[in-house]
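S.K.: My structure is below; once you've seen it, I'll send some questions.
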Amino acid sequence: MEKNTLIYFTPVVIFTLLLKYINITKGKPNYLYIVGLIAIIISDILTFKDFDKLFSWITILTSIYLICSSLILKQYLNKSKLENILFLSVLIGLLLASYIIYSVLDLLIKHLSDTNLVYTIMITFILITYVISCAIIYINDYYDNATLILTSGIFCMFHIALTPINEFIYFTQTFTVLITITHVISIYLCMKFIAETEIIKKENLKKKYF
């Protein structure tokens, strides 16, 4: 797909997901998530229009989506003992994710202005918060479909980390399509989790860790 095709395709697909979300929630959606989806639709349009010149607006709008999603996911975070999070595999995963993000930033520093670098660092911290929220929900294992939100977080990290590399350092049309696909899947899985997963109340919470 060419960029002039993706500029219409991606927003339409995400807008369709927005309508699907409203339909699944039977007219009682979380309006915070709707704000986030609208922000990411605008961000996608700007991305395919001129990523370089509109970089600051793209990062701000994408950050709004991540913040809205993180605030919603906060409701699914239940307090558990610290050892639940300190599994060796989890620590290795966090170290790996941190290394990937550091490597991406190291590559981009030479290609970003000081202003854009500030926006990049901002969205990096917001992205880390979102991914950690997804990981904790999965680790706590209170929800049957927690795999959905973890996969969403991983795909979201892939999309946000590799898009600037594709735009600033090494552009390929195939890579653009792959990034777009992971982007849409990430939003779909997050939407599906939020729309279909009922929040477990503390009094009904069955603790699996002691």
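The values are calculated or read from the model by the stated rules, or taken from the named source; none is laboratory data. Computed from a prediction, not measured in an experiment: that's the story for all the values here. Virtual Cβ from ideal backbone geometry, glycine too; neighbours counted across all protein chains shown. Surface accessibility is based on the protein's heavy atoms, side chains included, excluding ligands, DNA and RNA. Shrake-Rupley method; radii C 1.70, N 1.55, O 1.52, S 1.80 Å.
S.K.: Which percent of the accessible area of region 123-199 is formed by carbon and sulfur heavy atoms (probe 1.4 angstrom)? Write down the numbers at each step before the final one.
M.R.: Numbers: 2150 of 3140 Å².
Carbon and sulfur atoms account for 68 percent of the accessible area of region 123-199.
S.K.: Cross-link list LYS28/LYS192; LYS20/LYS53; LYS74/LYS192; LYS53/LYS110; LYS28/LYS53: which exceed 26 angstrom alpha carbon to alpha carbon?
M.R.: Pairs exceeding 26 Å: LYS20/LYS53; LYS28/LYS53.
S.K.: At 7 Å along Cα-to-Cβ for each site, give me the label-to-label distance between THR147 and VAL35 in nm.
M.R.: Rounded to a tenth, the inter-label distance reads 3.4 nm.
S.K.: Let me ask something else. Which order do MET157, MET191 take by accessible area at a 1.4 Å probe, largest first? Provide the component values of the computation, followed by the final result.
M.R.: Working: MET157 25, MET191 0 Å².
Largest accessible area first, the residues go MET157, MET191.
S.K.: For region 147-193, with every protein chain kept in place, what is the accessible area per residue (1.4 Å probe, Å²)?
M.R.: With all protein chains present, region 147-193 gives 38 Å² per residue.
S.K.: Further question on the same structure: Given the whole protein assembly as supplied and a 1.4 Å probe, what does the accessible area of ASP50 come to in Å², nearest 10?
M.R.: Approximately 50 Å² of ASP50 is accessible to the 1.4 Å probe.
S.K.: Using a Förster radius of 35 Å, what is the FRET efficiency between VAL12 and ILE200 based on their Cβ-Cβ separation? Nearest 0.05, please.
M.R.: Numbers: r = 35 Å, r/R0 = 1.00.
The calculated FRET efficiency here is 0.50.
S.K.: Quick one: what are the phi-derived ³J(HN,Hα) couplings along region 23-38, Karplus 6.51/-1.76/1.60 with θ = phi - 60°, whole Hz, x for glycine and proline?
M.R.: Taking θ as phi minus 60°, the curve returns 5, 5, 7, 6, x, 10, x, 7, 5, 5, 6, 4, 4, x, 5, 4 Hz for region 23-38.
S.K.: Label points 7 Å out from Cα along the Cβ direction at MET122 and SER103: separation in nm?
M.R.: The two pseudo-label positions are separated by 2.8 nm.
S.K.: Quick one: how many Å² of HIS183 are accessible to a 1.4 Å probe, rounded to 10?
M.R.: Solvent-accessible area, nearest 10 Å²: 10 Å².
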